[in-house]
1. Hey, if you drop one equal point scatterer on each alpha-carbon of the chain and run the Debye formula without solvent, what base-10 log of I(q)/I(0) do you get at q = 0.08, 0.15, 0.16 Å⁻¹?
2. Using modelled backbone amide H atoms (1.01 Å from N, in-plane), which distant-in-sequence or interchain residues come within less than 5 Å of I180's amide H?
3. Roughly what % of Cα-Cα distances in segment 75-192 sit above 22 Å, to the whole percent?
4. Quick check: from the Cα gyration tensor, does segment 53-132 come out rounded (a/c under 1.5), prolate or oblate?
5. Quick one: grab the alpha carbon gyration tensor of segment 147-217, order the square roots of its eigenvalues as a ≥ b ≥ c, and give me rounded if a/c is under 1.5, else prolate or oblate depending on whether a/b is larger than b/c.
6. So if I take the centroid of the Cα atoms in segment 146-191 and the same for segment 201-219, what is the distance between those two points in Å?
7. Helix check for the chain. Which DSSP H runs span at least 24 Å along their own axis by Cα, with a mean Kyte-Doolittle hydropathy no less than 0.5?
8. Explain nothing, just the number: relative contact order of the chain, from Cα pairs under 8 Å at least 6 residues apart, as a whole percent.
Amino acid sequence: MTAVPAMGPTTGQASFYEVIERRRDVRAEFTGERLPDDVLTRILGAAHRAPSVGMSQPWDFVVVESDETRQAFRDHVTLERDLFRDSLPSERRETFDRIKIEGICESSVGIVVTYDETRGGQHVLGRHTIADTGLYSTCLAIQNLWLAATAEGLGMGWVSFYREDFLRDLLGIPAGIRPIAWLCVGHVSHLETVPDLERHGWRSRRPLDEAIHRERWRA
Ligand SMILES: Cc1cc2nc3c(=O)[nH]c(=O)nc-3n(C[C@H](O)[C@H](O)[C@H](O)COP(=O)(O)O)c2cc1C
């Protein structure tokens, strides 16, 4: 069994670890059904409750429903996909050809998450040694969104095959604010149980034991 059915309206009862287990990066399983406003507000609320360095909350969310905007973005992503494909050695190219990398037009909605490094002023508590902590905070908001969407029985896919300037221009995002992710969010027919990249032979997951180091780094 490689797929689990989309969760129904009783999703609030799904346990935390079950949600983590079910979460998948979704590209091909979107149905395109409209997302009710209250659900959208709930998952954005979950994202907005993420921890952030110095409580800076450096993120914003641009919700994109327009077909025209989504098609323009999809066309740009297709070009970038082709560039990446052309950079691959032939055997990797064959594997990559089997992999869908986005569901921009098929999803219910696009959510672009941005990062504003000026949010919180000049003295962001906890950021003076590590500038990237603002970026980390934004990624935590994305992960909250991903898990909340999964708990709602939805799917989400992260698209990063784009040039930041293109997306900034497309959505009128001010200079200096970075678009961190285009997230495809929406109703799904089902969720796969194995990541697409693994199913298509691109890369496998590492065992947990390999990732754990005790006391000191183990080579
Ligand atoms: C920062 C980031 C960028 C990603 N960009 C893409 C992307 O452009 N296209 C895509 O298909 N998946 C993208 N993914 C999804 C990963 O491929 C996916 O998380 C990974 O293969 C593991 O699969 P799973 O999320 O289903 O467990 C991205 C994930 C992250 C965290």
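1. For the chain at q = 0.08, 0.15, 0.16 Å⁻¹, log10 I(q)/I(0) is -0.32, -1.13, -1.25.
2. V113, T114, Y115
3. Details: 3281 of 6903 pairs.
That tail contains 48 percent of the Cα-Cα pairs.
4. On the way: a/c = 3.59, a/b = 1.69, b/c = 2.13.
Because a/c hits 1.5 or more and a/b fails to exceed b/c, segment 53-132 counts as oblate.
5. Numbers: a/c = 2.18, a/b = 1.40, b/c = 1.56.
Since a/c reaches 1.5 but b/c is at least a/b, the shape of segment 147-217 is classed as oblate.
6. 28
7. Working: long enough: 67-86 (28 Å, -1.40); 133-151 (27 Å, 0.89).
Counting only whole DSSP H runs, the qualifying helices are 133-151.
8. 38
Since every read-out is calculated from the coordinates, none of them should be taken as a lab result. Please read these numbers as outputs of a predicted model, since none were measured by experiment. FYI the Cβ positions are ideal-geometry reconstructions off the backbone, even for glycines, and counts take in every protein chain you see.
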